[in-house]
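For reference, the structure is listed below as structure tokens.
The values are calculated or read from the model by the stated rules, or taken from the named source; none is laboratory data. Source: prediction; values computed, not measured. Every residue, glycine among them, receives a Cβ derived from its backbone with ideal geometry; neighbour counts consider all protein chains shown. Side chains are part of the model used for accessible areas, which takes the heavy atoms of the whole protein and leaves out ligands, DNA and RNA. Shrake-Rupley method; radii C 1.70, N 1.55, O 1.52, S 1.80 Å.
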Amino acid sequence: MKFKRKHNRQMKKNLRTASICVQGGYEPKNGEPIEVPIYQSTTFKYDNSDEMAMLFDLKKEGYFYTRLQNPTNDVVAKKIAELEGGVGAVLTSSGQAANFYAVFNICEAGDHIVTSNEIYGGTFNLFGVTLKKLGIECTFVNPNDSEEEIQKAFRPNTKVVFGETISNPGCAVLDIEKFARIAHKNGVPLIVDNTFATPINCRPFEWGADIVTHSTTKYMDGTASQVGGVVVDSGNFDWMAHADKFPGLCTPDDSYHGLTYVKAFGKMGYTTKLVAQLMRDLGSIPAPMNSFILNLGLQSLHLRMRQHCANAQKVAEFLQNDERVAWVHYSGLEGDEYHALAQKYMPNGTCGVIAFGLKGDRETAIKFMDSLDMINIVTHVADARTCVLHPASHTHRQLSEEQLKEAGVAPDLIRLSVGIEDVEDILDDIKQALDQI
């Protein structure tokens, strides 16, 4: 498969992050298009059957079916791998698919995972309900607990630890080094969902994480134009050192003529297995057109994140000083409980998402949102447009009151995703809405 060596190749130039956003992943040759071509084709032609057979046996590089690989998808995956500092990446059809594949690539029935309870409601349900139906148990832990307390959640069959850099919607900042230390002490990798911070503001691999996921639907796209996800591997976790825990990577795969992924592909073993086995059997690939749109968003990611953070800081400061606001969670505020962690892991800014609550009840929050004019009430988050949502009534409404509490979602929590409009217009809309409650 083409990406297994291509993604591991170093770029000719040692580009900085902003330059990777614009030019990473794709190096057009003389006379080739400057923009990534869209290979909107399901399949690829070969001159003889032996050549095709070698592709299916993973003995030759090339493309044969877009469910497994596509040149447009691979270019964009390579750019994201470069942004995160990883050795390889695989695009998926959604962020949910990315988190599922990242975990399921190393877990099977009878296994167990440990995860922070400060995660997106859909992921909370994926791990706590859907994976349980597949025979994979999950224990949720409070990320603010001590290492000793979190250690109690581990079992002999624990295979992975999971957390979000900045939680959705609570805006809690993960202590990546602490979670990496606990995971590695138990011989398992740490997976970090880096959707909100993006590699512009945080690169979890530099703090000990082993695998990173994103919902590329969010800041990476930035325009609400495509749904997608990505799994990025650092190449740092030594699977063979813990071979008994990860037979799928470290023992022969009968569905591929006894091939052992880590032995055959080294640091690319994890991503090769994800494509050759999970994508082969389950699908969940993005359309090449979606990847093309995603790449357009990535080209301005470094500029947009700067504006998101600047606007959010001003909005958070306004909310903090308004007597009608009960509380505000934004780690850019000096008094926020996660300010120190944010300064450590994301000194140049966090994201544009703010969590806050109004004095009153759930109806007060709904009245406020219904009174907004420019700001959009949508399910989406991390968009160029300013968006607002009441998670307990919308994205997390499938959770019980107890589950909401366990997931760190207060009943009055309002998630405000500050966009890149003129910040004075954003503030004017918030002020007039507050005046109406």
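Couplings for segment 26-39, taken from phi via the Karplus curve 6.51 cos²θ - 1.76 cosθ + 1.60 with θ = phi - 60°, read 9, 10, x, 8, 3, x, 8, x, 6, 9, 4, x, 9, 8 Hz in order; Gly and Pro are left as x.
Mean separation of Cα pairs under 8 Å and 6 or more residues apart, divided by the residue count, gives the chain a relative contact order of 17 percent.
Ignoring ligands, DNA and RNA, please state the percent of accessible area on the chain from carbon and sulfur, probe 1.4 Å. Working shown, then result.
Numbers: 8650 of 17670 Å².
Result for the chain: 49 percent of the exposed heavy-atom area is carbon or sulfur.
Across segment 264-390, the mean sequence separation of Cα contacts (distance under 8 Å, 6 or more residues apart), normalised by length, yields a relative contact order of 17 percent. Taking the chain as a Gaussian network of alpha-carbon nodes connected by springs under 10 Å, the highest mean-square fluctuation of the residues PRO199, PRO189, PRO33 belongs to PRO33. Peptides 169-180, 254-265, 272-283, ordered by how many other C-beta atoms sit within 10 Å of their residues on average, highest first, read 169-180, 272-283, 254-265. The listed peptides 420-427, 218-225, ordered by packing as a protection proxy, come out as 218-225, 420-427 (highest mean of other Cβ atoms within 10 Å first).
Database remark: amide H of ALA326 closer than 5 angstrom to the amide H of GLY357, LEU358, LYS359 (H placed geometrically; neighbours at sequence offset of 5 or more, or on other chains; Pro and chain starts carry no H). The separation of segment 301-361 from segment 178-221, counted between C-alpha centres, amounts to 21 Å.
Lysine pair count for segment 172-293 (Cα-Cα distance under 28 Å; residues 8 or more apart in sequence or on different chains): 12. Rounding to the nearest 10 and keeping the result within 0 to 90°, find how far the Cα-based axis of helix 95-104 lies from the longest principal axis of the chain. Approximately 50 degrees, to the nearest 10. Antiparallel DSSP bridges in segment 17-289: what percent, to the nearest 5? Restricted to segment 17-289, the bridges split so that about 45 percent are antiparallel.
Over the chain, DSSP H runs of length four or greater, each weighted -39,500 (n - 2.57), average out per residue to a 222 nm ellipticity of -9000 deg cm²/dmol.
Each Lys and Arg Cβ is given +1 and each Asp and Glu Cβ -1; about its Cα centre, the chain then shows a dipole of about 1600 debye. Sequence-ordered 3J(HN,Hα) estimates for segment 117-131 from the Karplus curve with 6.51, -1.76 and 1.60 and θ = phi - 60° stand at 7, 8, 9, 4, x, x, 6, 4, 6, 4, 6, x, 10, 5, 4 Hz, glycine and proline given as x. Measuring max minus min along each principal axis, the C-alpha atoms of segment 141-232 give extents of 43, 23, 21 Å (largest first). Using the Cβ of GLY86 as centre and a radius below 12 Å, the other residues enclosed give a net charge of -1, where K and R count +1 and D and E count -1.
The amide H of VAL160, built 1.01 Å from its N in the peptide plane, has VAL114 as neighbours under 5 Å, considering only residues 5 or more places off or on other chains.
Per residue, the chain exposes 40 Å² of accessible surface when a 1.4 Å probe is rolled over the protein heavy atoms with every protein chain present. Listed values for segment 82-88 are Karplus-derived 3J(HN,Hα) couplings in whole Hz (6.51 cos²θ - 1.76 cosθ + 1.60, θ = phi - 60°), namely 5, 4, 7, x, x, 8, x, and x replaces Gly and Pro.
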